[in-house]
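Working notes for the structure below.
Just so it is clear, none of the values below were taken in a lab; they were calculated from the coordinates. Treat the numbers as computed from the prediction; the structure is a model and nothing was measured. Cβ placement follows ideal geometry from the backbone for every residue including glycine, while neighbour counts extend to all protein chains displayed.
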Amino acid sequence: MTDMTKEEAVKFFAEFYGGEHHIPGDVRENDNGWWGVAHYGELASYDYNYLTRLVLLAHDRCIRVSVHGCNGDHVRISIWNRDPAEECIMSGHPTIEEALSKWRKNNPAREKPEKIQPLDDVMEAKSVTFEGLADEAHIIADFEEVKEGEIEP
């Protein structure tokens, strides 16, 4: 497999970040044809799904991705070409279908759990009685009087 060019690396990161103008800083060459960027913040699998997008894009393009710390709140994301036809772990790269098939051999799919009822729905279902509010008002008034020294504790 040939070394990755800067143009190929920029194209990969532009697709990952949703446009070349969103790439954080320069795409820099590391060693031996590796290219990378310093990513600020977290890589998550669902909300702001950067981690999922990175893995899926890497498998779709057969590009090896490495994520490692570089400083403070940044991680370095490094990429380099791999040969999809090569079966050697050091030079090949599976497609997402191949990787998922291999994963499923030892990790069967689980059914999605039932949806958890949102807290807002639970709170709407509970009614607050007028008496309950009146009791709370008396407790607060009593506390204020104790605080001001009108009633002994």
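What ranking do 37-45, 9-17, 94-102 get when scored by the average of other Cβ atoms within 10 Å per residue, highest first?
Ranking the peptides 37-45, 9-17, 94-102 by packing returns 9-17, 37-45, 94-102.
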Calculated FRET value between Ile116 and Tyr17, using beta carbons and R₀ = 25 Å, to 0.05 = 0.20
